[in-house]
Structure formats: structure tokens, C-alpha cells
Amino acid sequence: MNNNLHKNSKNELIDEILKLREIEKRLIEENEELQQEIKDLEWKLNINSSNSSKPSSTETLQKKTQICNSRVRWQNPRWWVKWHIWGNHKQYENPDFVEILEVKHCEKCNFDLEKVPTSKETKRQVLDIPKPVFTVTEYQGQEKMCPCCNHLNKAKFPVWIEQEFQFWPNIQTSSVYLYNYQHPSFERLQEYFMEMFWLKISQTTLMNFNKKSFNTLEEFEKQLKQALILNNILNTKIA
């Protein structure tokens, strides 16, 4: 390249600018190719037995994934780590039950401390789930004879009570959730309700729970599909 550009003519300067643009374009293309090669190499390096068909026996020299531990900061790229808060669980401001541990006598001299005011309270909380028990609600429909016209009047049961005895509604929703999301077999579901609640439920009943939920949600599913089809931003790529 000529260093004395001020001595060049207008056409020569234009030629120099065009050459520089060609060089710039070629460098940009080479940079894009190198960036793509780097991405391909990084992708190959990240392949392991958990995200591909690569056998685990070939990973003897690779660094093992760190196991999740509440005492160790776990660097996991999965999406839920972004909102997961590490650390001890904080105490609740409004507990459901409060049990006061009284200090009635002095540990040293055995002096009566019941009338002595409390100087400080130390709080510790225990979180637990309710004991798995079932409840039975009986609906008694009254029948009354009208003394005026002798007509027998019968109380109407709620529309969702269809039989003399039935499981409803929390048992049904729990069964549908477990079967369709956790994917156990009907036999395992029977074992779950028997071991946790001492309830004997047949596989036919468990199957009917799914059928009834499917029929109830069928119209909603149709409306949801139609709404998605008519949505203008469906499958739109967001930059």
C-alpha cells in the first residue's frame, strides 16, 4: 500500500478504499468461520453420556459432574438454578402453632420463677406436613311428607355425589396427578394409597379417575388448541 496517499489521484484513492473494504470483508468472513469452529469444538468437548449416546466408559479422563449438596455451591447450568435460593430456610413470621417452654425454677438454687418476667425469648421452628389421614363426610338427605297434599319431598344431593359411596375429590386429583406426571403403574398407585392412607382402591377406580378427568378437560383442551392456532405470535422467533 502506498504511504503517500496525499500524492495519489482521486481514482487511486478510490482503488485503495475498495481494496481496504475487500480486506475488511475477508477478515470478517474469516472471523465468523473461526467463531463457528470454536462453537463446534466446545460442543464436542461438552458431549458426555448424559446428553448423548456416548458410553460412560469413555469419560474416565473427564471431570465428573459435582453432586448436588446443600453445603456445597453447585454450579449447574440447568434453568432452575437461576431462581433457586441457596441457604438455610428462614423462620415464618406467623406460625400455625406456638408452644411456650416455661422456666419455672432456677437451675442453681431452685427459686420459684413463675412470677418473674421473661427477659428474652429464643425461637426455634419445626416444619412438618400433616399426618396422612382420610376423612369421611356423610350426606343425609331428608324426606318429608307434606301434611297438606301428601307429597313426599326428598332433599337433593350435590350433583357430584353420584353413588352411595365414592372417592372425591382430593383422592381423585392426587391419583390423576401421580399417574400422569410421576408415571407410576396402577399397581404402585394402589400400594401408595394403602401404605399412606390405608385405603384400598381398585385399579378400575383409578382408571375411571383418569377417564373422568379427561372428559372434563376435553372441551378446555379444544378451546386451548384453537386459541393457540389463532395466536399471531405463536412460534415467533424473539431476538
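Taking residues in region 134-148 that are in contact (Cβ under 8 Å) with a residue 24 or more places away in the chain and in a strand (DSSP E or B), and partners anywhere that are surrounded by 10 or more Cβ atoms within 10 Å (Cβ to Cβ) and of a type in the set (D, E, K, R), not one pair has Cβ atoms closer than 8 Å while being at least 6 places apart or on different chains.
Out of curiosity, is ASN3 of a type outside the set (A, V, I, L, M, F, W, C), at pLDDT below 85 and within 30 Å of LEU127 (Cβ to Cβ)?
For ASN3, the condition - of a type outside the set (A, V, I, L, M, F, W, C), at pLDDT below 85 and within 30 Å of LEU127 (Cβ to Cβ) - is not met.
Any residue that is within 30 Å of PHE97 (Cβ to Cβ), touching a residue at least 60 places away in the same chain (Cβ under 8 Å) and touching a helix residue (DSSP H, G or I) at 6+ places or on another chain (Cβ under 8 Å) - is there at least one of those in region 174-181? Within region 174-181, not a single residue is within 30 Å of PHE97 (Cβ to Cβ), touching a residue at least 60 places away in the same chain (Cβ under 8 Å) and touching a helix residue (DSSP H, G or I) at 6+ places or on another chain (Cβ under 8 Å). Has region 196-216 got at least one residue that is touching a helix residue (DSSP H, G or I) at 6+ places or on another chain (Cβ under 8 Å), under 29 Å from THR137 (Cβ atoms) and surrounded by fewer than 10 Cβ atoms within 10 Å (Cβ to Cβ)? Yes. The residue that is farthest from ARG124 (Cα to Cα), among those in region 72-103 that are at pLDDT 55 or above and surrounded by 10 or more Cβ atoms within 10 Å (Cβ to Cβ), is VAL103.
Residues in region 200-239 that are outside any helix (DSSP H, G or I) and modelled with pLDDT of 90 or more: LYS200, ILE201, SER202. Being part of a loop (DSSP other than H, G, I, E, B) and closer than 30 Å to MET194 by Cβ is a condition met by no residue of region 98-120.
The values are calculated or read from the model by the stated rules, or taken from the named source; none is laboratory data. Here the structure is a predicted model, which means the values were calculated and not measured. As a convention, Cβ positions derive from the backbone with ideal geometry for all residues, glycine included, and neighbour counts pool all protein chains shown.
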